[in-house]
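Q: This is the structure I want to talk about, given as structure tokens.
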């Protein structure tokens, strides 16, 4: 039986809950990655581009869903206050979903030049409702520290999404973008049903009255006033490139970019999401103790850096060759795109879980300022590149601007946690040093080994590096928690 209330200790390690969540995330990652070489042979880059544009629109609406009141759900110690926030968030979500449904017809008329995407606009309202409801259920389960259920939900979503997409892509169905979007919606719905069943079975929703909504909306007004614009700008920073690329170029370019984006964001998102969920709970518990918040934040930073740095360097060095080998020769261009945007996405993977510090410390103004800067840098870089007329220039400038913006954001977050410059640089140089040996071996043996064998060794080097770096840290007395 999963715990129904958080223990009182503030010094618990992250490793146990994170590994519980990653047991589902690892299965999701394995399924997603193993399916990609098949999916890229069943669907065209154009179909992936349409799906990526739809998911980008849905993700941007999702940020607006509850005016970010759901971000406060883990903060109240009083159950009645938490239930009130849940009701307030649900009301906001329902209202926005109905508004989206009403606006879908005029929006469809405005996007007639993008017929393939316009046909999917009526589906945005139900998608938003499913996404938002799943998020609220997830947060309520996080409040109960039901990490095993959350892990199962992650695995179920990946399994359902991948299965539907594979079936829909095979002859005689060959559903195209419909199969990809249908798989996405099926995965969301399966997770929502699981979470709803779990909450109903454990009677997690008490029948006791909650606090009135109006005082709660005022008490947590900083979330819609500052967290909402910051979250929207962060989402725009990550999702607007999909929409701008479709505006400047075509669905094929967007499809290539989407696969490049996926290769890094899927593992970093799964690991970062699992870590961020546990980090949010732990940070909310120790937020009044600076002596506890700093080591907690640094543990998250160290582990994410260890996991993400070597694969990022490998993609920068061998991106086009790896993509052509894994996904097929037509996807070599996506590998070149991946090499240009990898530094940006690595830094985004490090910073995103830590942005919960803004909520925990109630520093929403800092969140808004860094998010606005990030959005402006990335949008400016992409627009300049798009007006230049070459997708390569646009993505190179996007990668540079995103890297600069995320570096500044990460610096602010670590400063708020009380970390020093040496706290940041020492693990960076340590993991760079660990990465040099396998990268050097791959570079020196490229001319002596057949390309398929060499590229297979490159892929196998990722888990070997993780084992090697973990072993070195244990041997040198570095804490692995």
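The values are calculated or read from the model by the stated rules, or taken from the named source; none is laboratory data. Please read all numbers here as calculations on a predicted model, not as lab measurements. FYI the Cβ positions are ideal-geometry reconstructions off the backbone, even for glycines, and counts take in every protein chain you see.
Q: Test residue 223 against the criterion of being in contact with a helix residue (DSSP H, G or I) (Cβ under 8 Å, 6 or more places away or on another chain), at pLDDT 85 or above and closer than 20 Å to residue 400 by Cβ, and give yes or no.
A: no
Here is a yes/no grid of residues against (1) over 20 Å from the mean Cα position of the chain (by Cα); (2) assigned by TED's automatic domain parsing to the domain that holds residue 117; (3) surrounded by fewer than 17 Cβ atoms within 10 Å (Cβ to Cβ); (4) more than 19 Å from residue 69 (Cα to Cα):
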site: 180; (1), (2), (3), (4): no, yes, no, yes
site: 198; (1), (2), (3), (4): yes, yes, no, yes
site: 201; (1), (2), (3), (4): yes, yes, yes, yes
site: 211; (1), (2), (3), (4): yes, yes, no, no
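Q: Would you call residue 374 modelled with pLDDT under 90 and surrounded by 15 or more Cβ atoms within 10 Å (Cβ to Cβ)?
A: Judged against the criteria, residue 374 is a match.
Q: Assess whether residue 324 counts as being over 26 Å from residue 417 (Cβ atoms) and assigned to a helix (DSSP H, G or I).
A: Considered against the rule, which asks whether it is over 26 Å from residue 417 (Cβ atoms) and assigned to a helix (DSSP H, G or I), residue 324 comes out as yes.
Q: List, please: which pairs have Cβ atoms under 7 Å, are six or more places apart or on different chains, and start with a residue in region 393-413 that is farther than 11 Å from residue 347 by Cα and end with one that is outside any helix (DSSP H, G or I)?
A: 413/355
Q: Assuming residue 127 fulfils every condition listed in (1) more than 19 Å from residue 181 (Cα to Cα); (2) crowded, with 22+ Cβ neighbours inside 10 Å; (3) touching a helix residue (DSSP H, G or I) at 6+ places or on another chain (Cβ under 6 Å) apart from one, which condition is it?
A: (1)
Q: Now, a different point. From the list 78, 71, exactly one residue is crowded, with 21+ Cβ neighbours inside 10 Å and more than 18 Å from residue 179 (Cβ to Cβ). Which is it?
A: Going through 78, 71 in turn, just one is crowded, with 21+ Cβ neighbours inside 10 Å and more than 18 Å from residue 179 (Cβ to Cβ): 71.
Q: Oh, and also: Checking the conditions here, which among 272, 335, 276, 381 is closer than 17 Å to residue 238 by Cβ, at pLDDT 90 or above, in the same structural domain as residue 430 (by TED's automatic domain parsing) and in a helix (DSSP H, G or I)?
A: Every option except 381 fails the conditions.
Q: Right, next: Could you tell me which of the residues 442, 455 is surrounded by 12 or more Cβ atoms within 10 Å (Cβ to Cβ), in contact (Cβ under 8 Å) with a residue 40 or more places away in the chain, more than 28 Å from the chain's Cα centre (by Cα) and not in a loop (DSSP other than H, G, I, E, B)? Break it down into steps so the answer makes sense when it comes.
A: Details: 455 fails: more than 28 Å from the chain's Cα centre (by Cα).
The conditions single out 442.
Q: Moving on. Condition check: at pLDDT below 90 and closer than 27 Å to residue 351 by Cβ. Does residue 466 satisfy that?
A: Details: at pLDDT below 90: yes; closer than 27 Å to residue 351 by Cβ: yes.
When the stated conditions are applied, residue 466 passes them.
Q: Also, I was wondering about something else. If you go through region 229-250 one residue at a time, do you hit one that is closer than 23 Å to residue 428 by Cβ and surrounded by fewer than 21 Cβ atoms within 10 Å (Cβ to Cβ)?
A: no
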